[in-house]
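Notes to accompany the following structure.
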Amino acid sequence: MSKPSSYPVKTRVYPEFAKTSFLVYGLIVSIGIFFVGAIVAYLGRFVFSSHPITPVTIPPILWLNTCLLLLGSHLLYRGYRAVRREQLRRFRRCLCASLTIACLFCVLQSIGMYELLEQHWQQASRTSGSVAAVLLMVFLHVAHFFAGLLGLAFVTFQAFQGRYDHEYHNGVRLVALYWRFLDVVWLLLLWLFYVTGTSFLF
């Protein structure tokens, strides 16, 4: 191995792990396509629905959780920068903090989404097919973040096994990229909930 630089070095993607990179990229693209379709469906229902849409309140826990999500992603990115500089102790501390926040986020997000779903349930039950669509949205939303949590837990475990250094850290880069993408998706969803004054997608 070459001597680590005081500046971040470019992440090396070894050929044997290129498939993992393409898998993560494909997952991000698929979520993005689904998200665009969900926005179109949401706006269509909001604008053209023949049923009155009763405004509901976004649970305060979701605003708190948004701050936790951004903090956790920031710490994960700092960990990525640290490993590129061979600052391995800081790298592991950042990963541990990010994983702890991610676990807390998933628990609180489940509570917040349940409260949001409770408010939406009566409205959705009056519209044919809405209940199934809402349940599908909840499942996919939780699945996306759960996949990110598993990836972060795996990378953290690998970090304490001495798997990563300033030359080999592509897994950390992919996890940090995925969580940054989830940041963008959730912020856009939260913005839609806020500006429309309605409860849940679909």
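Among 172, 138, 185, which is open to solvent by less than 40 Å² (accessible area, probe 1.4 Å) and at pLDDT 90 or above?
172 is the lone residue from the list that is open to solvent by less than 40 Å² (accessible area, probe 1.4 Å) and at pLDDT 90 or above.
Testing residue 190 on (1) surrounded by fewer than 20 Cβ atoms within 10 Å (Cβ to Cβ); (2) at pLDDT 85 or above; (3) part of a helix (DSSP H, G or I), one condition comes back false. Which one is that?
Going through the list (1) surrounded by fewer than 20 Cβ atoms within 10 Å (Cβ to Cβ); (2) at pLDDT 85 or above; (3) part of a helix (DSSP H, G or I), residue 190 breaks only (2).
Can you tell me which residues in region 60-69 are of a type outside the set (Phe, Trp, Tyr) and either open to solvent by 60 Å² or more (accessible area, probe 1.4 Å) or at positive phi (or both)?
Applying the first criterion (of a type outside the set (Phe, Trp, Tyr)) to region 60-69 yields 60-62, 64-69.
If the condition is that a residue be of a type outside the set (Phe, Trp, Tyr) and either open to solvent by 60 Å² or more (accessible area, probe 1.4 Å) or at positive phi (or both), then 60, 64, 67 are the ones that fit.
So the check is Cβ under 8 Å with 6+ separation or different chains; which pairs have a first residue in region 88-101 that's within 10 Å of residue 157 (Cα to Cα) and a second one that's small (Gly, Ala, Ser)?
92/79; 92/159; 95/79; 95/159
Each row is one residue, and each column tells you yes or no for (1) aromatic (Phe, Trp, Tyr); (2) under 29 Å from residue 192 (Cα atoms); (3) open to solvent by less than 60 Å² (accessible area, probe 1.4 Å).
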site	(1), (2), (3)
58	no, yes, yes
71	no, yes, no
83	no, no, yes
87	no, no, no
93	no, no, no
97	no, no, yes
104	no, yes, no
108	no, yes, yes
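Identify, please: which residue in region 21-38 is aliphatic (A, V, I, L, M) and loosely packed, with under 14 Cβ neighbours inside 10 Å and is, among those, modelled with the lowest pLDDT?
Among those residues, the one meeting the criterion is 36.
Just to be sure I understand the filter: pairs with C-beta atoms under 7 Å, separated by 6 or more residues or on different chains, first member in region 50-72 and farther than 20 Å from residue 149 by Cα and assigned to a loop (DSSP other than H, G, I, E, B), second member at pLDDT below 90 and aromatic (Phe, Trp, Tyr). Which pairs pass?
Matching pairs, first to second residue: 53/46; 58/193; 58/194.
The values are calculated or read from the model by the stated rules, or taken from the named source; none is laboratory data. Not measured: the values here are computed from a predicted model. Cβ sites come from the backbone with ideal geometry, for glycine too, and all protein chains shown count toward neighbours. Note: accessible area is taken over every heavy atom of the protein model, side chains too, but ligands, DNA and RNA are not part of it. Shrake-Rupley method; radii C 1.70, N 1.55, O 1.52, S 1.80 Å.
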